[in-house]
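The values are calculated or read from the model by the stated rules, or taken from the named source; none is laboratory data. These numbers were taken from a predicted model, which means no experiment stands behind them. We place every Cβ from the backbone using ideal geometry, glycine too, and count neighbours over all the protein chains shown. Accessible surface is based on the protein model in full, side chains and every heavy atom, while ligands, DNA and RNA are left aside. Shrake-Rupley method; radii C 1.70, N 1.55, O 1.52, S 1.80 Å.
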Amino acid sequence: MSTTSVAYGDAHPLQRTRWSRYRHSLWLLTTRDLKVRYSTSALGYVWSVLDPLVMAGIYWFVFTQVFQKGVGTEPYIVFLLSALLPWMWFNGAVSDSTRAFLKDAKLVRSTMIPRTIWVNRIVLSKGIEFLLALPVLALFAIIFQAPVNWNLLLFPLGILLQAVLTAGVALIVAPLVVFFRDLERAVKLALRFLFYASPIIYGVADLPSQLHVWAAFNPLSGIFGIYRSAFFPQELDWFDVVIAALMSGALLAIGLLVFRGSVRQVLKEI
């Protein structure tokens, strides 16, 4: 008797495991977000890289042409982009998570899938935009002849840690904003502060020595160091990476606890 295997997409929804249904729904919602975002814009994909490119161009001009400050490492534009692009992922996902429940309130109330999906689809869609922007970083690295080393293989580790960190923070923010609407503006202010408190336009090495240990407790320091080490190996500090991994895991655990403890009340409020 011959046996035939059934592809996941052809399987009846009830034959799929709970995790498989979650992944399928997550992917559908994520692709829907990306299609809506790109289809309603004439430039589409260009907008996902234009913002960080303009910001990088401004900071490059200010710090290399105007003040000529010795921050970062040459080529400075590559140094900037290797942290600015992942920052856009973190900033965009956390900022958008403040509207995760309020934007699609009817769908959130009516669907039976785990409500974490409404946060995770934002993290995933912004992460995909980050991946789509990496060719721009590669192009600038080629143009400015930035040397590439074996630390490039650590890129997946940086992506994993950032996904865990971003999901954790977003899971904390999303339900709390439903109860405290002013928190949406507070989050945007906190993100603005965090931008300058993170090694984006500068490196950890540019900070006074007494601040190096404190900088490690910003998990973005270790994560950005992983990305940058592909071109600037001296930017990799395993102490920072370990601290980033521990804090990212802790924030994800806290995020899940906050989310699970508040989701029923959230459904009543929206």
Original post:
Any residue at all in segment 78-98 that is among the charged types (D, E, K, R), touching a helix residue (DSSP H, G or I) at 6+ places or on another chain (Cβ under 6 Å) and at pLDDT below 75?
Top reply: no
**OP:** State all residues of segment 236-270 that are within 17 Å of residue 156 (Cα to Cα) and either in contact with a helix residue (DSSP H, G or I) (Cβ under 7 Å, 6 or more places away or on another chain) or of a type in the set (Phe, Trp, Tyr) (or both); if no residue qualifies, say none.
**Re:** 236, 237, 238, 240, 241, 244, 245, 248, 249
Original post:
When residue 106 is evaluated against the numbered criteria (1) open to solvent by 40 Å² or more (accessible area, probe 1.4 Å); (2) within 26 Å of residue 55 (Cβ to Cβ), which criterion, by number, is the only one it fails?
Top reply: (2)
Subject >> Failed criterion for residue 197 (all others in (1) under 19 Å from the mean Cα position of the chain (by Cα); (2) touching a residue at least 40 places away in the same chain (Cβ under 8 Å) hold) >> reply: (2)
